[in-house]
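See below for the structure under consideration.
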Ligand SMILES: NC(=O)c1ccc[n+]([C@@H]2O[C@H](COP(=O)([O-])OP(=O)(O)OC[C@H]3O[C@@H](n4cnc5c(N)ncnc54)[C@H](OP(=O)(O)O)[C@@H]3O)[C@@H](O)[C@H]2O)c1
């Protein structure tokens, strides 16, 4: 299942509100930051907002710069990104600006909401029912598979942002802090109550833009079950990139691995043939850097560009066993081991039989294979 890269974008007051309770939209950003937002819009395939934001703000969601629109067209993209909204009720005002400006319009809703939305909107938008309830993962998969959306910008409101972050589906949060207070407990907040990732998000960047500050954060906490989160994809990409550091070998794979605790703390990383050990494997060398008594190992996830080995000539203990003995019970990998050196290896099967969760993300297989292209088969 491939999903688009999901970028959440929002502006908040110093006391954490995204709007005040007045009917007009509260402008939180500065002019230069609105231009930055315009640039981000020009870079994505689709922009999504919740039906609540259409009702409250009546936004157009345009790319305002003619140069940016021309650059999109020159690169073979539509002039404007696709505009997407979500609604359960289907109660959408057909006179709203959303339906009469910019790019194509798409409404995701429930079976029940679809009836009402189609009746109200007619041919101004495509209405896609997703069953009795709307599930975000399904919506994102549909956007990716059916509409070719690789990058999605989400511009609120709070209820939409909250769900995407809590469900581990947001790859990035671009947050602008505006130097003003709202001070009204009845005003909407950016994030609602509920369960968020343990620990801290990673601050990737911060920048002053006139009198506001832009902060870019990435969620870091691994998923907890069979469904991959955005953070899982982030860590697996790092593991695949580590594989490129391996000294080349004609007789072994080049593999990278990262071990991450439940709160998103990186415990260790490694790659094949790291240091002076010419036969060490990535998962083995990474786990050897962690104190075996570290209580975080039990909840940790191992990211490995290639599935952990089950048989090896160089050492008595294969990596699947090293992982199980370390107490780790979740592994995310990009590539099932081919028969190049060992026939029918099946590290995934061995780990699963021992009760571990193994998540395979084949969309990362090309990246995992890249440093191994010289190998036969
Ligand atoms: N400062 C900023 O950056 C910024 C950006 C955007 C918005 N805002 C502010 O945010 C406020 C609006 O936020 P909001 O939280 O009230 O609304 P919202 O998140 O824009 O939209 C919520 C609506 O989306 C639909 N929806 C969301 N999740 C759904 C699900 N899982 N299944 C079905 N439908 C779902 C529902 O529509 P139905 O009600 O139709 O069922 C729900 O009422 C406004 O005050 C706006 O000014 C601020």
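A compact table of results
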| quantity | calculated |
| --- | --- |
| Extended-chain gain in nm, criterion 0.36 nm per residue less alpha-carbon gap, residue 65 and residue 343 | 94.4 nm |
| Region 78-160: mean projected area of Cα convex hull, nm² | 5.4 nm² |
| Residue exposure sequence - 191, 253 - by fewest surrounding Cβ within 10 Å | 191, 253 |
| Euclidean distance between Cα centres, region 172-195 to region 244-263, Å | 40 Å |
| Distance between modelled label sites at residue 101 and residue 216, nm, 7 Å Cα→Cβ extension | 2.7 nm |
| Inter-site label distance for residue 24 and residue 311 at 7 Å from Cα along Cβ, in nm | 7.5 nm |
| q = 0.08, 0.18 Å⁻¹, region 5-218: log10 I(q)/I(0) [Debye, one scatterer per Cα] | -0.27, -1.49 |
| Calculated [θ] (222 nm, deg cm²/dmol) that DSSP helices of n ≥ 4 give over the chain, each run adding -39,500 (n - 2.57) | -7500 deg cm²/dmol |
| Region 230-372: antiparallel DSSP beta bridges as a percent of all, rounded to 5 | 50 percent |
| Relative contact order of region 182-313, defined on C-alpha pairs under 8 angstrom at six or more residues apart (%) | 19 percent |
| Residue 336 versus residue 244: modelled label distance in nm, points set 7 Å from Cα along the beta carbon direction | 2.7 nm |
| All-pairs Cα distance distribution in region 132-171, expressed in whole percent, bin size 10 Å | 27, 59, 14 |
| Alpha-carbon gyration tensor eigenvalues x 5, square-rooted, for region 230-372, Å | 20, 16, 16 |
| Between region 1-59 and region 266-291, the Cα center-to-center distance that results, in Å | 43 Å |
| Relative intensity, log₁₀ I(q)/I(0), of the chain from a Debye sum that treats every alpha carbon as a point, q = 0.12 Å⁻¹ | -0.96 |
| Considering only the chain, percent of DSSP beta bridges that pair antiparallel, nearest 5 | 40 percent |
| Gap separating the Cα centres of region 298-377 and region 100-122, nearest whole Å | 45 Å |
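No lab work stands behind these numbers, since they all come straight from the coordinates. It should be emphasised that the depicted structure is a prediction, and the values quoted were computed from it without experimental measurement. We place every Cβ from the backbone using ideal geometry, glycine too, and count neighbours over all the protein chains shown.
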